[in-house]
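So the structure is just underneath, and the comments pick up after that.
The values are calculated or read from the model by the stated rules, or taken from the named source; none is laboratory data. It should be emphasised that the depicted structure is a prediction, and the values quoted were computed from it without experimental measurement. All Cβ positions, glycine included, derive from the backbone under ideal geometry; neighbour counts span all protein chains shown. Just so you know, the surface numbers come from the protein's heavy atoms only, side chains and all, with ligands and any DNA or RNA stripped out. Shrake-Rupley method; radii C 1.70, N 1.55, O 1.52, S 1.80 Å.
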Amino acid sequence: MAGALDGQVAVVTGGSRGIGRACALELAKHGAAIVINYNANAEAANSCKAEIEAMGGKALTVQADVSSADDAKRLIDAAIAEFGKVDILVNNAGINRDRTIARMSADEWDTVIATDLSSAFYTTAAVVPGMRERNYGRIINMSSIIGQMGNVGQANYSAAKAGLIAFTKTAAKELARNQITVNVVCPGFVETEMVGALSDEVKTAVLANIPLGRFGTAEEIAACVRFLC
C-alpha cells in the first residue's frame, strides 16, 4: 500500500471497535502501519488486523490496559519493537460509567478518569522521546462534546474529556518546537456501541438537537483524524 502516510507507524488505543477501529482502517488505507491496542476484545482486534492485512497493509495487535502506566509503556515498546518507531498516536481508549454525582462511587470516578484521561498522559509520555529524536510526530486525542457542555449522569466522563482538551493544549505548546503537533477531536453523538446502548427515548431527544437530524459516523471522525495526521 502507498499513500500520504506511507512509511509511518500509528498506534491507536481502543482500536478494536467503534471510532478507534474506523481510525485504524482509515490510517491504514492511506499507508500507515497500524498498532491496534485493545484491552479485552481480542476477537475484534484480530478482525481489524485481518481487514487491514486484506487491503495490503501492516498491522499488529497489542493487549494493554492503557489506564496503567506500565501497560501503556509496554504498548509503545511493542510498537517500536515491531515497526522501529511511532509517528502517530491516536488516544482513543475510553469508557463510561454513568451515574449521578450523588450515586457515583469512587471506583466509578477513578476508573473513568484513569481510562479516558490518564491513559493519554501515559502513552504520550512514552512516545515523546522517540518523536523528539526524529523531530516529527502527530498526536490526536479523542475527547467529546460532553467535555465541552457537560451532561447529567456523566460527571466522571465529562471531567475526563474536558481534562483531555486542556492536556492537549498544553502538550501542543510544549512539543511544537520539535515539529510534533497535538490536536483534540470532540465528536458529538456517533453511531457506536456506546450510543447504541441509549434508550430510544434518549436517542429521540438527542436527535432533536442535531441540525442534520442524524448521528455522526465513526468513518467521519476517522477522516478528521487522518487529516490531522
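Among the residues of the stretch 9-28, not one is polar (S, T, N, Q) and either in a helix (DSSP H, G or I) or open to solvent by 30 Å² or more (accessible area, probe 1.4 Å) (or both). Scanning the stretch 52-109 for residues that are open to solvent by less than 50 Å² (accessible area, probe 1.4 Å), in a strand (DSSP E or B) and over 18 Å from GLY137 (Cα atoms) returns ALA59, LEU60, THR61, VAL62. Taking the criterion of being surrounded by 20 or more Cβ atoms within 10 Å (Cβ to Cβ), touching a residue at least 24 places away in the same chain (Cβ under 8 Å) and within 18 Å of the chain's Cα centre (by Cα), the residues of the stretch 129-152 that qualify are GLY137, ARG138, ILE139, ILE140, ASN141, MET142, SER143, SER144, GLY147.
Within the stretch 158-169, residues that are small (Gly, Ala, Ser) sit with their Cβ atoms under 7 Å from residues that are open to solvent by 10 Å² or more (accessible area, probe 1.4 Å) and not in a helix (DSSP H, G or I), at 6+ positions apart or across chains, in these pairs: SER158/GLY150; SER158/ASN151. Taking the conditions exactly as written (of a type in the set (Val, Ile, Thr) and more than 14 Å from the chain's Cα centre (by Cα)), does ILE95 satisfy them or not? Answer is no for this residue.
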